[in-house]
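Written below as structure tokens is the structure these notes are about.
A short reminder: the numbers here are calculations on the coordinates, not readings from a lab. From a predicted model like this one, the values you see are computed outputs, not experimental measurements. So basically every Cβ, Gly included, is an ideal-geometry build from the backbone, and we count neighbours across all protein chains shown.
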Amino acid sequence: MRLRIDGCDVSLDLPAASTFGDVLAEAGRRVTSEGRVVSRIVVDGREISTSFEREMADRPVAGDAGIEISTTTPAALFREALEGAVDLSFAIRRDAGTILSALRSGDLAAAGPRYAGCIESLGTFFHLAGAVFNAIGSGVFPLAVPPGSVGELPSPPEATAGILQRLLRTQKENDWNAVADILEREILPNIEGWSAFFQALKEIGAE
């Protein structure tokens, strides 16, 4: 196995039967000890998503495997995550509005293509929102909050969990009027709430 972190070869003292999960966990500990965080993982020339990383965790590492890890600072990753979340929230709100108009008018043919993409974006957004919120709570993303400004930070929406599942269940029942209701009364207000939260975080910034 060949491991490189930020372009430098790294040797890990791990058993021969180690899995990808073992390698990435040890690499992560080294990165964290230097005050940095992992921003990108490439295995044999292929960038690995978070979900695929979990799938690979129990796989044994081949002797000729090449793993490239890029790191960044928590503050830089925080800014990148916020930018991505805000941009994605705008795109979802735009597409959801278009889908909602089509559904309300009974034009399922027009709603269908955008709806599939919107569902995928919602899944990505809610995962990102949860990851950012949890990272703030755990101190991974420290906030440089000016004195007296804590109360000005809006709270994130409380009813996020389950919204996407309800939308998917309703879609499977082919109740498109109910789908439109969930988009209008639950999805859009929730996304708007998260967008306001992320915008406020951007204004506060990271340390």
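Couple of notes before you dig in:
- Positive-end ranking of Leu12, Ala129, Thr72 along the dipole of the chain, with charges on Cβ about the Cα centre, is headed by Ala129.
- Placing +1 on each Lys and Arg Cβ and -1 on each Asp and Glu Cβ, with no other charges, gives the chain a dipole about its Cα centre of roughly 220 debye.
- Kyte-Doolittle at least 0.0, axis length at least 18 Å by Cα - qualifying DSSP helices, the chain: 20-33, 74-104, 108-138, 188-204
- Computed over the range 52-133: relative contact order in percent, which uses C-alpha pairs under 8 Å that are six or more apart: 30
- Rounded to the nearest 20, the Cβ-based charge dipole of the range 2-72 about its Cα centre (Lys and Arg +1, Asp and Glu -1) stands at 140 debye.
- For the chain, the relative contact order is 22 percent, taking Cα pairs closer than 8 Å that sit 6 or more residues apart in sequence and dividing their mean separation by the residue count.
- Kirkwood hydrodynamic radius (C-alpha pairs) into Stokes-Einstein, the range 1-134, 10 °C and 1.306 mPa s, D in µm²/s: 91
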